[in-house]
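Written below as structure tokens is the structure these notes are about.
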Amino acid sequence: MLNIASRTAYGSDHDQFREQVRKFLGREVNPHADRWEADGITDRAVWRLGGAAGLLCPTVPEAYGGLGLDFGYNAVVDEEFAYAGATVGFSLQSDIVADYLVFYGSEEQKQHWLPKLVSGDVVTAIAMTEPGAGSDLQGIKTTARRDGNHYVVKGSKTYITNGQHADLIIVVAKTDPERGAKGTSLILVEADREGFARGRNLDKIGQNAADTSELFFDDVRVPITNCLGEENKGFLYLMSQLPQERLSIAVGAQAAAQRAFDAAVAFTKERRAFGKTVFDFQATRFTLAELATQLQVGWAHIDWCLARHMKKELTASEGSAAKLWHTEMQWNVVDTALQLHGGAGYMNEYPIARMWRDARVQRIYGGTSEIMKEVVGRAI
Ligand SMILES: Cc1cc2nc3c(=O)[nH]c(=O)nc-3n(C[C@H](O)[C@H](O)[C@H](O)COP(=O)(O)OP(=O)(O)OC[C@H]3O[C@@H](n4cnc5c(N)ncnc54)[C@H](O)[C@@H]3O)c2cc1C
């Protein structure tokens, strides 16, 4: 269990909420985790259950069916799900998509969608990446061409989290292709629109319970009122929201690293070699001490980031630095923890094997480590 005794970002209300999250995981997620992993997708039902338990989109204002809480509640869910190894796509909905609607949605869009995001009746996705453009988002080819009172959306997206379950997709598309970033908009596309099709649920090396898909838009007509915020301001909106997305990944990385460390401690205290436990070797204790030190520094930094973010002070560079450091740290901790398991670490029956597979993508999605260095470097 995560030790929260020395945490500074949270109050007693967050701690009580954490108890609810833990109970939810024990009741509705952990018993199904292996099946979901094998199926490559979670049950759709977990979304409504999560909504009913108050775990989805805690920051959405009460006027739109939410609880109007601070981001600390999102972070509690992120930490507990990551510590449990639950790769359910709640954080994408709560930490990323909901705020696009809250900040840039029209009153009508907010009234219509936000209560459904909170309840889990609607699952959402955000589709930026394309087969030909990921890091270089300005290179996207998907277009949303004006035709009277409609946009006609054409293009394809890939690696989209929640793609199989999604009922609503925020599509990043060029509304004025000549103007590059300044001609990019965010268009809401409902999954029941004619011309929309889901591709494969992609076969990944980890995070298998989280569905990841190709999405196709073949002249999908949506009303112009489906534009989120102002036309051609999409890139600006994306840049504004990325710090929270990156912090969310950093928070999960820290908690997942802690879980791997705890697993390594438990394993090495049991496993015997040369007449003693593996833990009794000084080499092991030194290795664990190094990991414990990284984790201690990491928790302090997460609390610092959360406090700054809740005061709206976390900068794009700080959010990127957090994603860079915590995901790289997670990889180091998880890989070292697997090594301490010996051959058992390579066996899927040991949880550390899945933690290792699940960790790999953290340094890639939400912006690669190299792109994080670009963002941090540019701000120096
Ligand atoms: C499991 C998973 C879930 C995902 N979920 C989503 C989602 O929900 N929505 C979505 O839109 N996308 C999603 N993605 C896509 C993800 O954000 C991209 O894969 C990521 O941003 C990298 O883009 P790319 O794959 O095109 O790699 P590329 O951009 O082709 O990068 C290839 C390599 O080149 C490096 N590189 C690129 N540019 C530079 C540079 N300027 N300087 C130095 N090195 C550089 C990269 O760091 C990388 O090492 C997901 C990806 C995965 C794997």
Mind sorting Trp331, Trp304 by how few other Cβ atoms lie within 10 Å of their own Cβ, fewest first? Trp304, Trp331
Looking at the chain as a GNM with Cα springs under 10 Å, which of Gln244, Gln109, Gln258 has the largest mean-square fluctuation? Gln109
Rounded to whole angstrom, the alpha-carbon centroid of segment 213-237 lies from that of segment 169-187 at a distance of 7 Å
Indicate the gyration tensor shape class of segment 80-163 (rounded, prolate or oblate), computed on the Cα atoms with a ≥ b ≥ c the square roots of the eigenvalues: a/c under 1.5 is rounded; otherwise a/b larger than b/c is prolate and the rest oblate. oblate
In the P(r) worked out for the chain, what percent of Cα pairs fall beyond 39 Å? 16 percent
Of Lys141/Lys174; Lys182/Lys233; Lys116/Lys204, pairs whose Cα-Cα distance is over 18 Å: Lys116/Lys204
The chain, Gaussian network, Cα under 10 Å: of Gly139, Gly319, Gly66, the residue fluctuating most is Gly139
If one builds a Gaussian network model of the chain from Cα atoms under 10 Å apart, the most fluctuating residue listed among Gln20, Gln164, Gln207 is Gln20
If the chain between Ile224 and Asn30 were fully stretched, how many nm would it gain, using 0.36 nm times the residue separation less the Cα-Cα distance? 65.6 nm
How would you rank Arg363, Arg27, Arg145, going from fewest to most other Cβ atoms within 10 Å of each one's own Cβ? Arg27, Arg145, Arg363
Mean-position separation - Cα centroids, segment 12-70 and segment 333-377, in angstrom: 24 Å
Length-normalised contact order of the chain, Cα under 8 Å, at least 6 apart, in percent, tallies to 16 percent
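Read the figures in this text as sums done on the coordinates, not as results from a lab. Note that the structure is predicted; figures quoted are calculated from it, not measured. Heads up, the Cβs are rebuilt from the backbone with ideal geometry, glycines too, and the neighbour counts pull from every protein chain shown.
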